[in-house]
Structures are given as C-alpha cells and as structure tokens.
C-alpha cells in the first residue's frame, strides 16, 4: 500500500507522477485528477475517468459549487 501526503498550492495543484515506479497507480492518479483537479506531472494519460469529458470543474474540491447541477428525485415507488 502507498499513501502519499503532500501540500499543493490551491491555484496550481501539481505533484510528480509515480506511474513510472508503480504502474498500478495509473487509475488512482486519473481519479484524483478528475475529482480534485490535482495534476500529476509526467503521467502518460491524465484524462477524465469518472466524469464526462465536457464537465467543468472538479466535484470533490471544497471550492466547487455543489448545487450547480439541479437534481430532481423521484418518489420512492415502493409501498410503505
């Protein structure tokens, strides 16, 4: 197991990629980029993996607007 803890600046969150040393980190670094916007220098394919390609922002960042996309919930169809 690997746990990487580091501080990155808010305006340019960038750290070095570890994919060359640990190829299994490929999807973890892509997910971190997609959800938090942290860029990994040297990553061979740093593209979105969970969110659509045209999604603006990074949904798990604290400065992201949580209610920017309205969500409508249906009633529970199961009888009470």
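Might you let me know whether region 33-40 holds any residue that is on the phi < 0 side of the Ramachandran plot, assigned to a loop (DSSP other than H, G, I, E, B) and either modelled with pLDDT of 95 or more or surrounded by 11 or more Cβ atoms within 10 Å (Cβ to Cβ) (or both)? Within region 33-40 (the criterion being on the phi < 0 side of the Ramachandran plot, assigned to a loop (DSSP other than H, G, I, E, B) and either modelled with pLDDT of 95 or more or surrounded by 11 or more Cβ atoms within 10 Å (Cβ to Cβ) (or both)), the answer is yes, since at least one residue qualifies.
Between 50, 60, 25, 21, the distinction of being outside any loop (DSSP other than H, G, I, E, B) and modelled with pLDDT under 95 belongs to 25 only. Contact map, region 1-17: first residue closer than 15 Å to residue 61 by Cβ, second residue surrounded by fewer than 11 Cβ atoms within 10 Å (Cβ to Cβ) and at pLDDT below 90, Cβ cut-off under 8 Å, separation 6 or more or different chains; pairs are 10/63.
The values are calculated or read from the model by the stated rules, or taken from the named source; none is laboratory data. The structure displayed is predicted, hence computed values, not measured ones. Ideal geometry is used to build each Cβ from the backbone, glycine not excepted, and the neighbour counts take in all protein chains shown.
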